[in-house]
1. Within the bounds of the stretch 419-429, is there any residue that is under 25 Å from the mean Cα position of the chain (by Cα) and without any contact (Cβ under 8 Å) to a residue 40 or more places away in the chain?
2. Give me the residue from the stretch 249-267 that is in contact with a strand residue (DSSP E or B) (Cβ under 7 Å, 6 or more places away or on another chain) and free of Cβ contacts under 8 Å to residues at least 12 places away in the same chain and, out of that set, nearest to ligand 3 (Cβ to nearest atom).
3. Quick one: which strands (runs of 3 or more DSSP E) sit completely within the stretch 325-429 and have at least 3 residues that are of a type in the set (Asp, Glu)?
4. In the stretch 260-274, how many are open to solvent by 50 Å² or more (accessible area, probe 1.4 Å) and aliphatic (A, V, I, L, M)?
5. How many of the residues in the stretch 11-32 are in contact with a helix residue (DSSP H, G or I) (Cβ under 8 Å, 6 or more places away or on another chain) and open to solvent by 20 Å² or more (accessible area, probe 1.4 Å)?
6. Please pick out the residue among 377, 426 that is open to solvent by less than 10 Å² (accessible area, probe 1.4 Å), within 13 Å of residue 289 (Cα to Cα) and not small (Gly, Ala, Ser).
7. Answer with yes or no whether residue 53 is under 24 Å from residue 156 (Cα atoms) and modelled with pLDDT under 95.
Amino acid sequence: MNGPVPVEVLKQHLIDPEICIRCNTCEETCPIDAITHDENNYVVRADTCNGCMACISPCPTGAIDNWRDVLRAEAYPVDEQLTWDELPVQDDALAGQGSIGEAAQGSQGASGGGAGAAGIGVTSEASAPVIGGSDLVRGSVVPPWSAAKPYVNLYNHKAPVQASVVGNYRVTDASTESDIHHIVLDFGKQPFPVLEGQSIGIIPPGTTADGRAHHARQYSIASPRDGERPGYNNLALTVKRVTKDHQGQAVGGVCSNYLCDLKKGDVVNVMGPFGSTFLMPNHADSHLLMVCTGTGAAPMRAMTEYRRRRRMKGATGKLMLFFGARTQGELPYFGPLLNLPKDFIDTNLAFSRTPGQPRRYVQDAMRERAADVAALLRHDHTYIYVCGLKGMEDGVLQVLQTIAGEAGLDWQALWQRMKTEGRLHLETY
Ligand SMILES: Cc1cc2nc3c(=O)[nH]c(=O)nc-3n(C[C@H](O)[C@H](O)[C@H](O)COP(=O)(O)OP(=O)(O)OC[C@H]3O[C@@H](n4cnc5c(N)ncnc54)[C@H](O)[C@@H]3O)c2cc1C
Ligand code: SF4
Ligand code: SF4
């Protein structure tokens with residue numbers, strides 16, 4: 001009996017350190033913890049990655065989609081990858097000979113493939129891509145059918161575009177600790193076409209303690225495609241100043257502090273745009289169910305404002321918003337939001353730290369409006385967007401499941417269908 005033929009040449013999965021914006025999406029997505037990082041780079045463990053491709057579509061920059069054919073015994077180790085400033089060149093003698101190996105070939109059919117979608121010939125046996133992405137990814141990896149076509153990665157860190165600051169003001173109450181800024185960047189005559197739901201990369205000036213240039217940070221665009229000021233080549237960001245890390249220890253976030261301290265006329269280096277799936281539908285009868293916390297409001301503001309500007313042009317779909325913050329004072333854009341007409345957007349706020357009041361989260365507000373949420377879930381033209389704190393994703397999916405179940409809907413089937421139809425978009429950080 002012949003045993004399996006040993007695979008000598010490995011198609012090694014690598015991350016391009018020059019493009020990667022260290023957003024952590026791939027590490028969260030990888031079902032077998034093949035991705036790791038330090039303060040310098042995100043890297044893939046050659047001995048763990050099975051080539052399932054679950055990480056390919058969610059990566060906003062395409063940095064994840066890099067492969068080198070190497071002798072298996074000489075695969076680049078994690079320690080070496082962590083020091084890279086750029087990818088190594090492909091050894092011509094090995095080019096085209098690599099395969100991911102037996103484990104990977106066995107798993108590809110099950111988990112679906114970004115490989116084909118991304119145009120990578122991984123192995124000759126690789127199964128056709130599953131449109132809609134892997135079962136391991138919880139949200140859609142395709143845009144709504146009627147979304148406009150986005151431009152992505154027009155500018156990278158080697159050739160960023162310069163934008164001028166034309167506005168920077170605080171949008172949370174001065175009495176609160178939460179310092180969130182509305183920052184308007186103008187691109188002048190430089191092309192920077194964007195869509196609602198996309199994000200950009202900001203390259204902060206200066207270097208890290210070990211002398212490396214800071215990597216870019218990602219920020220959602222908070223204004224519609226035709227500009228923060230309609231007809232102008234500008235866009236807005238909603239940036240929270242990071243003063244504490246996730247453990248509550250005092251820390252000065254490099255990029256958020258840089259952005260929040262910018263003055264009018266300052267020039268900023270920008271990469272992007274990023275994102276080709278978290279986009280809004282453009283057909284007039286599409287409904288938007290938006291759930292956000294904190295700066296997760298940015299893409300919702302962009303989509304809402306685009307719909308508001310188009311309102312006179314026949315958009316009939318409903319907008320329903322669930323927006324959470326610790327207190328009213330910490331909710332960005334509180335005043336303008338309340339000024340939007342009730343027949344235009346159904347706004348539901350949830351505050352988790354109002355003194356003397358029970359804690360209320362977006363999930364609680366959704367539960368209270370279960371009948372209306374269920375009515376939207378029943379509609380084939382409903383598109384769901386979730387953006388904000390990482391912790392909210394589980395809770396929102398759980399409450400959707402409960403509401404769907406109580407309304408007699410099969411959530412597992414609906415969830416799967418919404419994913420594959422580009423109708424369930426999750427972006428948490
Ligand atoms: C898809 C995507 C969209 C994003 N959109 C926005 C947006 O619209 N507005 C926005 O303000 N941010 C947004 N972010 C987060 C943003 O990219 C930065 O991570 C954030 O501004 C912190 O960067 P920093 O350089 O200030 O902090 P760093 O110097 O990178 O981090 C300093 C320390 O603070 C911790 N830390 C980082 N972020 C936070 C946080 N939010 N809360 C607590 N601790 C933190 C880090 O772990 C680290 O220990 C988005 C991220 C992603 C992935
Ligand atoms: S291809 Fe699959 S196993 Fe490899 S890093 Fe990406 S998600 Fe993880
Ligand atoms: S940019 Fe892509 S490769 Fe880099 S951390 Fe984000 S998802 Fe991973």
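The values are calculated or read from the model by the stated rules, or taken from the named source; none is laboratory data. Keep in mind the model is a prediction, meaning the values are calculated, not measured. Positions of Cβ are generated from backbone atoms using ideal geometry, with glycine treated the same way; all protein chains shown enter the neighbour counts. The area values use the complete protein model at the heavy-atom level, side chains included, leaving out ligands, DNA and RNA. Shrake-Rupley method; radii C 1.70, N 1.55, O 1.52, S 1.80 Å.
1. Scanning the stretch 419-429 turns up no residue that is under 25 Å from the mean Cα position of the chain (by Cα) and without any contact (Cβ under 8 Å) to a residue 40 or more places away in the chain.
2. At the first step, the residues of the stretch 249-267 found to be in contact with a strand residue (DSSP E or B) (Cβ under 7 Å, 6 or more places away or on another chain) are 250-251, 255-256, 259-260, 262-267.
Pick out the ones that are also free of Cβ contacts under 8 Å to residues at least 12 places away in the same chain and you get 250-251.
Values: 250: 26, 251: 20 Å.
Selected residue: 251.
3. Strands (runs of 3 or more DSSP E) meeting the threshold: none at all.
4. 1
5. Count: 1.
6. Details: 426 fails: open to solvent by less than 10 Å² (accessible area, probe 1.4 Å).
Selected residue: 377, the only one of 377, 426 that is open to solvent by less than 10 Å² (accessible area, probe 1.4 Å), within 13 Å of residue 289 (Cα to Cα) and not small (Gly, Ala, Ser).
7. Considered against the rule, which asks whether it is under 24 Å from residue 156 (Cα atoms) and modelled with pLDDT under 95, residue 53 comes out as yes.
Residue by residue, here is whether (1) hydrophobic (A, V, I, L, M, F, W, C); (2) outside the structural domain of residue 225 (by the TED database); (3) open to solvent by less than 70 Å² (accessible area, probe 1.4 Å) holds:
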residue: 184; (1), (2), (3): yes, no, yes
residue: 187; (1), (2), (3): yes, no, yes
residue: 199; (1), (2), (3): no, no, yes
residue: 205; (1), (2), (3): no, no, no
residue: 211; (1), (2), (3): no, no, yes
